[in-house]
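The values are calculated or read from the model by the stated rules, or taken from the named source; none is laboratory data. Keep in mind that this is a model prediction, so the values were computed, not measured. Note: ideal-geometry Cβ built from the backbone for every residue, glycine included; neighbour counts use all protein chains shown. For the accessible areas, the whole protein counts, side chains as well, though only heavy atoms, and no ligand, DNA or RNA atoms are used. Shrake-Rupley method; radii C 1.70, N 1.55, O 1.52, S 1.80 Å.
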Amino acid sequence: MRPIIHYQGDVYQGLRAFVLSIGPFAGLIWSVLGVVFILLLVFGALYPYLYAGSAARKLPAGQGISSAFPALLLVGLFVVRLPALGFDELNVDESQWIASAATLVDDPRFYESVDGTTSGPLNVYPLLLIHYLGLGIDYATIRLVGLLLVVLPVTALLWATFRLLFGQTTARLAMLPVAIGFGVSNHRDTLAFNSEHFPTLLLALALYLSARLWMNRLSWIGLFALGIILGCVPFTKLQATPSAFVLAAGVVVLLGSSQRWWSVGWLLAGGLLPSLLLIIYLWQLDALTYFYQSYIVSNLGYAQTGSYHRGITNWWRKLTFLAPRLYGSVASTRFFFGTLPLVVAGGIWLALKRHLPPRQLGLFSFSLLWFIVTVYATLQPGNIFEHYQILAYVPAFWLAGHALSVLTGNSLPTRLPVWLGAWVCLSVLMPGLYLAIQRNAGITSLTTATPPLFHPAVVRAIKAVSQPNDKMIVWGWYNRLHVDTGLLMGTRFIPLYYPLLPGDQQAYYLNVLRHDLRLNRPVVIADVSALRAEEAQQKPERYPLIWNVIRNEYQLKATLDSVRIFVRRDRSAPVATSSSSMYHRN
């Protein structure tokens, strides 16, 4: 069997060869492409305002750009995001997704071979496509999945939704912050593949189907499909459930009374189907109790106190410190989120002034509630994880687009309003052009020499006693050791978060860990607890239930760079004991 994990595999090597073939001006070329991409989008969006009236019909070039806007948007996003595939690990979770997906290729039983911690099975299973397409799973390929299966489809779905409800003129305006947020971001957490990607895709698809329902263009099959999509959201990431619930409730409330009950029936049937199928699967796997303990009880506890019980719990601090940190740290979306309250306030004021019909006011109220609830879900755990903001992208972009539709009136433009020009400058042109002209870090990463491994002696020692696709337990938070060595998970936990977290459930999870250890018999156990000060007191010796198995069935072969390497006794091989120098990269 070929290696499932292939660090810097074919996609990375192909992209690197392409960039190197361009020569020393690759970074400059990508910066120019980014600037041109932004300017063309802005011109295409503002064209009806800049050349309002009959004069607009005399500029076929401008009309061409305007009509080609969606194609330009999607192609441009693909091109400007492409260099990001060349980065090494951007977020520790990326290595978790790689190891989890690779392990599921070997044993596809989620909750038996892999536990996604705060993520469900639908966040990991799509990554298996990489392997079945003949590619190795690595950082480049999981980001390619994120780009092709999430970023571009979400963008297309938002465009289709805005165009359906508000017309092309408003749709082009509303897509400008989407292009900047997805396209020219330079933040590690938003360039990485994250657990928020697939919930975002499902929410965007559900929003589009809801818009078709609003326009009376959705059959009972579409309603059933909408229910299935919303019912799948909790099994991507439980944190996204409140957002899916509000969207479902909004669909029910905004439906006309003549069609409400049969619509609710199809919606409810579809919504319950994913849960029913999961229950049948868990029953067959005899994992209902484990699912309840892991995905329900532990996630609810996580939502209350955050990662390692260190989340911010005071809501005043969440609103005054955490919210600005989560939504103000990413340069590509900082000004969009900063101006969003002003745009929404203007939309509310004008909606009330114009006495919009109750149905339209209800839709606007739903948009605002959807955004608020989603932001609440990102703040509730109290974690300072900037990638949480991705979960709010669809509700935020939708709310902004809806407010723009009210402010512009969906009428034929006559001139460019001052407020609209200012908003485009602040939210789009200023951050977009600034980021586009920066040195492209993705290009730099691809054109420089292959970076050394963090702990090359450790990796060499583990590879000396193992074969590709063997299993390993990493005792501590060092997920990328699976990527560097190409070894699969020896326990369903990555990292060993639940078993090592003090609390009422720790004894339960230690028993599960012992079960995995005896069943999977991983070739290697790498104790990396000494690498992090907060884990120094979590050495395996502190847990007799686990240590007895390690002591009896494993042999300490080496201690390299403060990492202890335990090898299963029947797979021992000579390993060098001299420690090499450590390589650190930030």
Residues in the stretch 64-120 that are under 30 Å from residue 35 (Cα atoms), among the small types (Gly, Ala, Ser) and open to solvent by less than 20 Å² (accessible area, probe 1.4 Å) total 4
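Yes/no matrix, rows are residues, columns are (1) modelled with pLDDT of 95 or more; (2) β-branched (Val, Ile, Thr); (3) within 26 Å of the chain's Cα centre (by Cα):
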| site | (1), (2), (3) |
| --- | --- |
| 60 | no, no, no |
| 63 | no, no, no |
| 91 | no, no, yes |
| 95 | yes, no, yes |
| 104 | yes, no, yes |
| 112 | yes, no, yes |
| 122 | yes, no, yes |
| 137 | yes, yes, yes |
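For every residue, the table says whether it meets (1) out of contact with any Gly (no Cβ under 8 Å at 6 or more places or on another chain); (2) of a type in the set (D, E, K, R); (3) at pLDDT below 85; (4) closer than 17 Å to residue 366 by Cβ.
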residue	(1), (2), (3), (4)
209	no, no, no, yes
224	no, no, no, no
242	yes, no, no, yes
253	no, no, yes, yes
With the first residue restricted to the stretch 247-268 and required to be open to solvent by 30 Å² or more (accessible area, probe 1.4 Å), and the second required to be at pLDDT below 80 and of a type in the set (A, V, I, L, M), Cβ contacts under 8 Å at 6 or more apart or on different chains are 264/255
Condition met for residue 200 (out of contact with any strand residue (DSSP E or B) (no Cβ under 8 Å at 6 or more places or on another chain) and open to solvent by less than 20 Å² (accessible area, probe 1.4 Å)): yes
Here the residues within the stretch 131-152 that are open to solvent by 10 Å² or more (accessible area, probe 1.4 Å) and over 17 Å from residue 189 (Cα atoms) are 131, 132, 133, 134, 135, 136, 148, 149, 152
Within the stretch 15-39, the residues that are open to solvent by 60 Å² or more (accessible area, probe 1.4 Å) and touching a helix residue (DSSP H, G or I) at 6+ places or on another chain (Cβ under 7 Å) are 20, 29, 33
When (1) within 30 Å of residue 307 (Cα to Cα); (2) of a type in the set (D, E, K, R); (3) free of Cβ contacts under 8 Å to residues at least 60 places away in the same chain are applied to residue 188, the one that fails is (3)
Condition set touching a Gly at 6+ places or on another chain (Cβ under 8 Å) and among the polar types (S, T, N, Q), scope the stretch 310-355, selection surrounded by the most Cβ atoms within 10 Å (Cβ to Cβ): answer is 333
So, first residue touching a residue at least 60 places away in the same chain (Cβ under 8 Å) in the stretch 533-558, second residue open to solvent by 20 Å² or more (accessible area, probe 1.4 Å) and assigned to a loop (DSSP other than H, G, I, E, B), Cβ within less than 7 Å, six or more apart or across chains; the pairs are 557/572; 557/575; 558/575; 558/577
Those helices (runs of 4 or more DSSP H) completely within the stretch 120-211 that have 3 or more residues that are touching a Phe, Trp or Tyr at 6+ places or on another chain (Cβ under 6 Å), of a type outside the set (S, T, N, Q) and within 27 Å of residue 383 (Cα to Cα) are 139-146
When residue 466 is run through (1) in a helix (DSSP H, G or I); (2) surrounded by 18 or more Cβ atoms within 10 Å (Cβ to Cβ); (3) touching a strand residue (DSSP E or B) at 6+ places or on another chain (Cβ under 8 Å), the failure sits at (1)
Only unsatisfied item for residue 486, checking (1) surrounded by 19 or more Cβ atoms within 10 Å (Cβ to Cβ); (2) within 29 Å of residue 107 (Cβ to Cβ); (3) more than 24 Å from the chain's Cα centre (by Cα), is (3)
